[in-house]
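Here is the structure we will look at, set down as structure tokens.
The values are calculated or read from the model by the stated rules, or taken from the named source; none is laboratory data. Remember, it's a predicted structure, so these values are computed and weren't measured experimentally. We place every Cβ from the backbone using ideal geometry, glycine too, and count neighbours over all the protein chains shown. Ligands, DNA and RNA are excluded from the accessible area calculation, which covers all protein heavy atoms including side chains. Shrake-Rupley method; radii C 1.70, N 1.55, O 1.52, S 1.80 Å.
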Amino acid sequence: MTQRNGTGGKSDHFLHSESAGACAKAKGPEEEKVQEAWYCESEAGGHGGERRDSVAVTGEVIAPDGGWGWVVLVGTIMVLALTLGFPTCVGIFYTDLQNDFHASNSETSWVPSIMTSVLHAGGPFCSVLVDRLGCRATVMLGGVLSGLGIAASSFTQSIGELYLTAGVITGLGFCFSFQPAVTILGHYFVRRRAFANAMSSTGTALGMCTLPVLGNYLHSELGWRGSFLVLGALLLNCCVCGALMRPLQPPTRQGPPLMSQGPPPPEEDNVKKETGWIRTIWNYLLASMNKHMAFGQLCNNPRYRAYAIGITWMMLGFVVPLVYLVPYATANNIEQSQAALLLTILGVVNIIVRPPFGVIVNMPWFKGRHIYVFAAALLVNGLSNSICCIGPSFIVLLWYVIVYGLSMSVVGSLMFTVLMDTVEMSCFPSALGLLAIMESVTLLIGPPLAGILIDRTGEYYHVFFACSAVVSSAAVFLIVSFHCLDKKERNVQKLSQPSPPPDPSRPAGDVAPRCEYSSVPTEG
């Protein structure tokens, strides 16, 4: 793989099976150019999951920025609608789950909490599967797991069984479908990447818009158990979407075939025997963790480190309002259909806002400024949670949903774009996996902590105040952190610029001020 850095003019060469040590280099937001090219993983062959003979070939594949990429974009939209949009549908069945299993708020809230947590915590496992099987097979495997998990949930007899089926199995299936879909989309688009990511994020809005309406209809007709059966069948459509995500193929290698490597020389054999199998296993585990969890990026890339910390803290309160919006509305004498309509309106706002915003954010002026737009929208999103605390009427909640949806559209459109600006694309799957497993901790404890707060106080609005403080503080942290990093980089660049040589035609005693030319940056 060949990638050109915009700051130094040098080129870095990567193989598809590159070691994780090459991923430790930090990447600024402006280093990526339109001519960027990379190698997309090949599918698994028929012999024990080995890749095809392109493993030993240094392939260079130019991202098409169109063509079949538009089909992949449509498949990604549908996958995100079914995976990321589904947890918002669980709130429709929240009261029934409480009544059937005689569970408290905190006990019931573990169901969507475990689901979203496993969705993110399975990132390293998903990275291994993508490396072995490719994006297409991994997405299809995720569709099978999520469909079977939700279908099996309709037969559960206790809240603990529901934790396993709807929480662990379904969440793992969501993870295996969601992360490879986002990854392969990044391989298909470079110049239009911000637009493609913004368009794909409309899938989440599409799921939030349609699944609550469908869930409410199924709930009234079939109850929660019958609804879970139908929704399980619906989730199997992730397999169809995964079939569309064919990998980019490397160019046909010209020249004689590469000679297969024979057995290692006796010296290497003796070294391996002296090393011992325990040390070999330990080294393999370390290499695998570095490859699939991007610890090098976390340690050596300050931008990725700041972004990971901010997003992890943000997730403690970002999804909680979506879980408790319907229970909060129904607890204040708002009909179930109107409460479900709020989630539908939230999805409609996202669908309307994200496509034009994707066009706007793809303009050259936003290059290098994605993180600040993202953090500003996150700050508005956090503060908007205080609106619903004014009063529990439908009009107030409607205004809350509109403001929350507008800011959520910007956050969802830029979340993966900022991550792709922060790390090399070759490291994106592992960086996303590590970020996802960090998010899973706060996603796991967020809804149960909110449930405990409700059980202690008996009021839902305390949860929205807490979420407002958490999300707003995460936004402020991101703004301050990246401002300091940008300021530090500017200072380093000023110090590294050599001073101009003295003009021999000018007398030494002439100290008249000189007019120096300074280029104006055009891309942030």
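Taking a ≥ b ≥ c as the square roots of the eigenvalues of the Cα gyration tensor, an a/c ratio of 1.5 or more together with a/b no larger than b/c marks the range 344-392 as oblate. For the range 74-202, a crude dipole built from +1 on the beta carbon of Lys and Arg and -1 on the beta carbon of Asp and Glu, taken about the Cα centre, is about 800 debye to the nearest 20. Can you give the net charge of the other residues whose Cβ lies under 15 Å from the Cβ of LYS488, counting K and R as +1 and D and E as -1? So the surrounding residues net to +3. So if R0 is 41 Å, what FRET efficiency would VAL396 and ILE445 give, r being the distance between their Cβ atoms, rounded to the nearest 0.05? E(calc), rounded to 0.05, equals 0.90.
Across the protein chains, with a 1.4 Å probe defining accessible surface, the residues TYR461, TYR284 rank TYR284, TYR461 from largest area downward. Find the relative contact order for the range 111-238 and round it to a whole percent, using C-alpha pairs within less than 8 Å whose residues are 6+ positions apart. 38 percent.
Going by accessible surface with a 1.4 Å probe and the largest first, MET363, MET425 read MET363, MET425.
3J(HN,Hα) along the range 393-398, derived from phi through the Karplus expression 6.51 cos²θ - 1.76 cosθ + 1.60 where θ = phi - 60°, amounts to 8, 5, 5, 5, 5, 5 Hz, with x in place of Gly and Pro.
Can you compute the charge dipole magnitude of the range 279-388 about its Cα centre, using +1 on each Lys and Arg Cβ and -1 on each Asp and Glu Cβ, nothing else charged? Give it in debye, rounded to the nearest 20.
640
Charge tally for ASP100 (other residues, Cβ to Cβ under 13 Å; Lys, Arg +1; Asp, Glu -1): -2.
Can you give the accessible area of ILE345, probe radius 1.4 Å, in Å² rounded to 10? About 40 Å², ignoring ligands and nucleic acids. I want the local charge near GLN157. Using Cβ-Cβ distances under 14 Å, sum +1 for each Lys or Arg and -1 for each Asp or Glu among the other residues. Counting the neighbours of GLN157, the net charge comes to -1.
In a simple Cβ point-charge model (Lys, Arg +1; Asp, Glu -1; nothing else charged), the range 390-489 has a dipole of about 160 debye relative to its Cα centre. State whether the range 66-138 is rounded, prolate or oblate according to the following rule on the C-alpha gyration tensor (a ≥ b ≥ c being the square roots of its eigenvalues): a/c under 1.5 gives rounded; otherwise a/b larger than b/c gives prolate, and the remaining case gives oblate. It is oblate, given that a/c is not under 1.5 and a/b is not larger than b/c. Sorting ARG191, ARG303 by accessible area puts them as ARG191, ARG303; the probe is 1.4 Å, largest comes first, and only protein heavy atoms count.
Highest mean packing first, where packing is the average number of other Cβ atoms within 10 Å per residue, the peptides 333-342, 138-147 line up as 138-147, 333-342. Each peptide among 159-168, 198-207 gets the average number of other Cβ atoms lying within 10 Å of its residues, and from highest to lowest they stand as 198-207, 159-168. Each residue of the range 413-420 was assigned a 3J(HN,Hα) from its phi angle through the Karplus curve 6.51 cos²θ - 1.76 cosθ + 1.60 (θ = phi - 60°); the sequence is 5, 9, 4, 7, 5, 5, 5, 5 Hz, with glycine and proline shown as x.
Using 0.36 nm per residue of separation minus the Cα-Cα distance, give me the extension gain between TRP282 and GLN157 in nm, one decimal. Intermediate values should be presented prior to the final figure.
On the way: separation 125, 0.36 × 125 = 45.00 nm, distance 4.21 nm.
Net length gain for the segment: 40.8 nm.
A cut-off of 5 Å between modelled amide H atoms, ignoring neighbours fewer than 5 places along the same chain, links THR156 with no other residue. Using the average count of surrounding beta-carbon atoms within 10 Å as a protection proxy, the listed peptides 233-241, 118-126, 172-180 rank, highest first, as 172-180, 118-126, 233-241. Tell me the relative contact order for the range 321-432 as a rounded percent, counting alpha carbon contacts under 8 Å between residues six or more apart. The value is 33 percent.
Given R0 = 35 Å, the distance between the Cβ atoms of VAL71 and ALA376 translates into a calculated FRET efficiency of 0.55.
Ligands, DNA and RNA excluded, the heavy atoms of ARG132 present near 130 Å² of accessible surface to a 1.4 Å solvent probe.
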